[in-house]
Amino acid sequence: MDGIEVPKYFLCPISLQIMKDPVTATTGITYDRESIEQWVLTYKNTSCPVTQQPLPPESDLTPNHTLRRLIQSWCTENASLGVDRIPTPKPSLDKSHFFKLIKQLQQPGSNIKALQKLDFLAAKNERNRKFMVETGVPKALLSFIVNCFEEISNQGLAEALRVLVFIRIPLAEAKIFLQEYNDQIIKSLIWVLGCEFKPQVMVKSHSVLALKTMIQAASSGFLERLEPPFFEMITGVLKQTTTVSQQGMNAALHALLIACPWGRNRLMMVESGAVSALIELELGIQEKRTTELILGILFHLCCCADGRAEFLSHKGGLAVVTKRIMKVSPTADDRAVFILSLISKFVATNPGLEEMVEVGTVTKLCMLLQVDSTAPYLKSKAMGILRSHTDEWRKFPCIDKTFHKVY
């Protein structure tokens, strides 16, 4: 098409490409359907790109058949010059189509075909995903997963989980589902993590992402009743980093962090081997959000005696937490210093204090005090750690000169 002058009104104002399915917004401007739907639904913009007038997500888009025919005619006339003809777009699906698919999903003979159709439509565009949420597809898919768990069948699970990730379960709907099904969906998703699939990484990652959403939506009363298998399976995910994606790993960490405030949960995490798994994960993966989540969980686990004991028994615990200070983010600094504060209160033995010197904890805290951008409360916390063992640390000949300067 090089050298061919395309009429300006054939071009979408957003993509600047020839429109395949021109539609006119309520503001009177015509766009290609895919571009304007992406603008409004995916990027959450609420104004017309050209006029800047309000353009709410629920506003109608009217097909511009006249312009489409002109574009098709022009493409046909210029076919010899390498211009591809624009096919007539298929009619857009309405909500009734998704209601039918939900009914099919509930029938044993047609549920797999319905899942495959939903999978295809969810991947196609944001408009379909919006209709799926509005017609109750997330609840239907969660019910399907629970049924699979109860019948011990993994047929269709991969498609169901993939669609759930595509359309993103609304928190309000997740809360309602938890009220109706109690902990069955949590047990079901945990069960999925223990199943074998091909491809393994995708299915398990999607399961963890769905699990995180349900945990986010859970009430405090629900979170207080979580059982050991939940923590054992999530810890297992942390130990087997090749079975989930980075996004799935962060979702698993996020789910643990949400459950941390309750002492009972912290004890179950420690008993499942979470402390060691978190330290090993941090030693192997260096990613900002992952580090922040790991340090956040470790802080909570170090609030209990068993958690601190597990932390100190791992040879890399103090070293990796110390190393992350001033290397990742202010959030990571905050969590790392608070972990060290908890540990320092209960380290009364010479070997423990010596390790804090050897791995550079004392030096790093002194450096943190000298950085102007360090928050006052964090400087105060670091100073408190240093003061708590000043007499002991002064005895070590390898102590950094910076320590003496601070005092």
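Structure notes:
- Just so you know, in segment 344-373 the residues that are among the charged types (D, E, K, R) and open to solvent by 80 Å² or more (accessible area, probe 1.4 Å) include one that is farthest from Ile385 (Cα to Cα), and it is Asp372.
- Taking the criterion of being open to solvent by less than 20 Å² (accessible area, probe 1.4 Å) and within 21 Å of the chain's Cα centre (by Cα), the residues of segment 119-145 that qualify are Ala122, Met132, Val137, Pro138, Leu141, Leu142, Ile145.
- Residue ID - modelled with the lowest pLDDT, chosen from residues in segment 172-226 that are open to solvent by 10 Å² or more (accessible area, probe 1.4 Å), of a type in the set (S, T, N, Q) and in a helix (DSSP H, G or I): Gln200
- Top-ranked residue of segment 393-403 - restricted to ones that are buried (at least 16 other Cβ atoms within 10 Å of the Cβ) and assigned to a helix (DSSP H, G or I), ranked as modelled with the lowest pLDDT: Phe403
- Among (1) surrounded by 22 or more Cβ atoms within 10 Å (Cβ to Cβ); (2) out of contact with any His (no Cβ under 7 Å at 6 or more places or on another chain); (3) farther than 22 Å from Val275 by Cβ, the one test that Leu161 misses: (2)
- When Ser276 is tested against the conditions (1) crowded, with 17+ Cβ neighbours inside 10 Å; (2) in contact with a Leu (Cβ under 9 Å, 6 or more places away or on another chain), the lone failure is (2).
- Residue that is farthest from Phe222 (Cα to Cα) [pool: residues in segment 283-317 that are assigned to a helix (DSSP H, G or I) and of a type in the set (Val, Ile, Thr)]: Thr291
- Residue match in segment 227-245 (condition: surrounded by fewer than 17 Cβ atoms within 10 Å (Cβ to Cβ) and of a type in the set (A, V, I, L, M, F, W, C)): no
Okay, residues lined up against (1) open to solvent by less than 10 Å² (accessible area, probe 1.4 Å); (2) of a type in the set (Val, Ile, Thr):
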{"position": "Leu295", "(1), (2)": "yes, no"}
{"position": "Leu298", "(1), (2)": "yes, no"}
{"position": "Leu301", "(1), (2)": "yes, no"}
{"position": "Cys304", "(1), (2)": "no, no"}
{"position": "Leu312", "(1), (2)": "no, no"}
{"position": "Leu318", "(1), (2)": "yes, no"}
{"position": "Thr331", "(1), (2)": "no, yes"}
{"position": "Asp334", "(1), (2)": "no, no"}
{"position": "Leu342", "(1), (2)": "no, no"}
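- Residue list for segment 233-282, filter: among the small types (Gly, Ala, Ser), under 24 Å from Ser219 (Cα atoms) and not in a helix (DSSP H, G or I): Ser272
- Restricting segment 45-86 to residues that are in contact (Cβ under 8 Å) with a residue 60 or more places away in the chain and under 15 Å from Pro22 (Cβ atoms), the residue that is nearest to the chain's Cα centre (by Cα) is Ile86.
- Odd one out for Glu180, checked against (1) touching a residue at least 24 places away in the same chain (Cβ under 8 Å); (2) over 20 Å from the mean Cα position of the chain (by Cα): (1)
The values are calculated or read from the model by the stated rules, or taken from the named source; none is laboratory data. Keep in mind it's a predicted model, so treat the numbers as computed, not measured. In this analysis, Cβ positions are derived from the backbone assuming ideal geometry, glycine residues included, and neighbour counts consider all displayed protein chains. To get the accessible areas, we keep the full protein, side chains included, count just its heavy atoms, and leave off ligands, DNA and RNA. Shrake-Rupley method; radii C 1.70, N 1.55, O 1.52, S 1.80 Å.
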